[in-house]
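Presented below is the structure to which this report refers.
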Amino acid sequence: MLKVVLFILIGCAWVILGLAFGWHWLVKHGRSLENTQSTLLYAELYFNRKSAVVSYLTLTLGVFIVFAVGLNRKGFDDISHIIDGTGGYSLWMESTVPIYYDMNTVEGRRQLSLKDMPAEATIMQFLRYSADDASCLNLNKVSTPTVLGVDIDAFRHAFKVNSSRSMVKENCYPVFVDETVLTWGLMKSLGDTLYYQSSRGEEVKLLLAGTMPNTVLQGNVVMDQTQFAEIWPEITGSEVALIKVDDNDVEQTKTLLTTALNEYGVRVMSTGERLRQFYQVTDTYLTIFLTLGGIGLLIGVFSFVIIIRKNLVMKEKDIRLYNMLGFPSETLKCLLFNEHVIVPLYAIFIGVTGAILSAGAGISDITSSTWLLCLVFTSLLVGCVLYYVKTIIINQINKQYDD
């Protein structure tokens, strides 16, 4: 929730700051008494300042929303860009029947017919106490999410966990949970408690002691497997596992696991694919905002077009006068061109930079393909503005001079 608020505040603040700076620059130079070509340019902009502000705001907000939404879309194909969510693991596996062998050992792999597993493969196995799904795929409020037990030292080495050591309560077991699950699924805060029934029928309290960024474990809470065994000692087989292999061995390993562990009812998918499933709800909202941003951008473009046409119609008499006085048409074209491209180009610059600033700490997660698309779209937008302004001004002046 905080990220959304910051996203909006940063965007609005940057647009307003850009407007204030542009207004200051316009007033400062538009009222100058110097008799130069640039002074005449700013004087014309100052005279039409209301139209310039409308064009700036509509175009800037449209560009900002479109680019901000585009930059915040996640890419899930490159593991290096989603390592916080995957812990560096390539595959997610869950089974219907518990697996009672250690898949990291030679004996365990022999028992499970996994002798062809890459030797460097690393597997993190989780015990599971099945309860409610607290991921974003379940829109209901959850009070008892599924609990996973794991070697907590190995887990914390792979995943980034933000915890508070001061959160210690008597007769409570500390657990970790995804930030989104904590806020939206459980609607709780760090330090709150979850209540479960142990195998002996006793009430057990699990303390929400730490959070993780959005991970493949979304919908579950994670705790140390030793403490897990104290609560549910009868659960000794793993039903969830993360597998880390070389990128070139992912598909081969996926096929091997599916075939060899068929009798366990396993389901194997890439960690990127699992994260993509969790982001479907987010992507729906992003698509809505992208559509609204696109509409805003179109409105900005139309207002920009209307304002240019209106200004050129108002300047018809001035253009005829310049013609009669022998003012060179090329000089007039250059003057009018500069006058009408300043506002849209400035609006595009503020909109794009505002979108980049709003990405904040997540800017490192933006893929190279997204940056390339952003660059191409910006270049296309700038190119269209320059071409349209140049064409309409040339046609208008040639028409007046020919008459």
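Taking 7 Å steps out from each Cα toward its Cβ at VAL382 and ARG200 produces label points 7.0 nm apart. Quick one, which of [x] 4, 18, 21, 17, 12, 10, 8, 6, 3, 0, 0; [y] 5, 22, 31, 24, 8, 3, 3, 2, 1, 1, 0; [z] 4, 20, 29, 26, 15, 4, 0 is the actual P(r) over Cα pairs in 10 Å bins from 0, in percent calculated for this model? Recomputing P(r) over Cα pairs in 10 Å bins from 0, in percent here picks out [x].
When THR215, THR226, THR122 are sorted by how many other C-beta atoms sit within 10 angstrom of their C-beta, beginning with the fewest, the order is THR226, THR122, THR215. Scanning residues 5 or more positions from VAL266 or on other chains, those with amide H under 5 Å from its amide H are THR96, with H placed 1.01 Å from N in the peptide plane. Listed from fewest to most Cβ neighbours within 10 Å, the set ARG49, ARG309 follows the order ARG309, ARG49.
Here is the link list: LYS28/LYS399; LYS188/LYS254; LYS160/LYS205; LYS50/LYS390; LYS205/LYS254; LYS115/LYS205. Which ones come out longer than 30 Å on Cα distance? Where the Cα-Cα span goes over 30 Å, the pairs concerned are LYS28/LYS399; LYS188/LYS254; LYS205/LYS254; LYS115/LYS205.
Straight-line reach from LYS333: taking Cα to Cα under 17 Å and skipping same-chain neighbours fewer than 8 places apart, the aspartates and glutamates in range are GLU44, GLU316, ASP318, ASP402, ASP403. Across the chain, the relative contact order, built from alpha-carbon pairs under 8 Å that are at least six residues apart, equals 29 percent.
Throughout, read-outs are computed from the coordinates displayed, never taken from laboratory work. From a predicted model like this one, the values you see are computed outputs, not experimental measurements. Reconstructed Cβ throughout: ideal geometry from the backbone, glycine too, with neighbour counts over all protein chains shown.
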